[in-house]
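I'd like to ask some things about the structure below.
Since every read-out is calculated from the coordinates, none of them should be taken as a lab result. Predicted model only: the values in this text are computed from it and were never measured. Don't worry about glycine lacking a Cβ; one is built from the backbone with ideal geometry, like all the others, and counts go over all protein chains shown.
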Amino acid sequence: MNNSVVEQPNLAEPAGTEAAGTHDAVAPPHDAAPTRDATPTHDATPNDAVTLAQDTVATSNTASTGDAAPIHDVSAPDEMLQRHPADPLFYVETLHKGWVQGHVLSFMEGHIEGYCTARSQSNSRVHDCVDTVTNEFFNFVPWCNKMSDPVPDNFNPHAVEDLSKVEEDQKAHKIEAVKTSITAWLDCRINSTKLVGWPGSKENDVWTRLLKQLSGVPSVKPKKLSAMQFWLKLHYASIVKADCDARWDAEKGRLAEQLSCEAKAKEDHKHKVAKWKASLNAPIDTSPEGRQSVIDTLQTFISPILDEVHEATGLHLALFLAGPKPRKGGCLNCIVMHRGETVSASPQHRAAAQPQTHKAAMKVFLDFVGTCFTKEMKAQSALKKADESAPEGSSSDLLGTGKPGNQIPNHEASGSSTVPHSVALSPSCAAPLPRPSHTPSQNATPGVSCDNRYY
């Protein structure tokens, strides 16, 4: 038997009073939820509502009483208001269409263009954009407020909060729920501008796939065989296998040859071990080719060390490395690695939190490094035949010069510390660059970076 909640009619109320409608948000313990008239239900669409936490809505049965007392459903907001104060989802709200209004609407519309640009670049750019919007949202909206509450004028987001473990857990759930809601709202606004009915791929058409299933045609396209594979498929049993078996029968009985192969295998292994030991004791390769190999594998070698230092000391790290890059014709190059994140609703590295000051710090360091190398030293560091080169007069957009430079890959310009999969060499070669007998002048023209990267 289904459970139902029966409310007796209030004689003080006029006849025909309807059941109270659902509330859009979860009220804090000190705030009572207002009631509204019930609105007609309709089919939910992606643009109609953004649900942060779904609650089970209790069903009601019609009571067969003499007075025909009205029976009201237990709505989702009523259940949320009955949550225990220690519930992690106590402040999480169920948001419906139109939850973004007033000052919040102006704030969200100001980030549509930036979010659209981030979606066209990479997923890491999207995450950074959403984190930034969430942080700015909680700079003027208290985390414990409902979305329907007015935005306070004198709210201080930097005030120190003395929260218990339960309140910290509730705050974390509220931040994640709002982040999901902001992402869905921005996606909805951007996707609503796309053309409706754009023709899709025939491979994804429901009738095409259903026809393939009913006809028994395999979903995988047949693979094209090479000439050798096709010949082996035709003549494997008659020629290949028969010839292999005949040769094996003639050779397997020769014990002397088997012993000779075993001795040759041992000798070959001994030679490889000697070559391996010699490579371990070999001097460091200071040629431009050797230095470029070390630069390519630098992050693979030093990232675990930075992680351990950050974990052991609790300090934030910023490692700046700059010097001539052989692959770029000896042009100065700067690499920055960060460990540590900001204290905010969505923690960010410095490159994502403060990109302008980060670029300025790189330029200051490059200006100093430019006084440490002469043109002759940079020319000696260049590869003889570089696959890609850049003129020394060019500069990177990362320095804010406005001149076209090399494009920065997404994994290097996003502030992430992910190691590229292309890095596979061992960073066993590293040595200081060759120095001339004289000290370079402080007024020497610094080299220009053409491949600034930060991690």
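Can you pull the one-decimal nm distance between simple spin-label points at Thr313 and Phe301, each 7 Å off the Cα toward Cβ?
2.0
For segment 176-316, with only Lys/Arg (+1) and Asp/Glu (-1) charged at the beta-carbon, what is the dipole magnitude about the Cα centre, in debye rounded to 20?
Here the size comes out at about 760 debye.
OK, next. For a paramagnetic label modelled at 7 Å from the Cα of Gln380 toward its Cβ, which residues of segment 303-329 fall within the zone defined by backbone nitrogen distances under 15 Å?
Only 324-326 pass the distance filter.
For the ranges 320-331, 227-238, what's the packing order if you count other beta-carbon atoms within 10 Å of each residue, average per peptide, and put the highest first?
Result, highest mean first: 320-331, 227-238.
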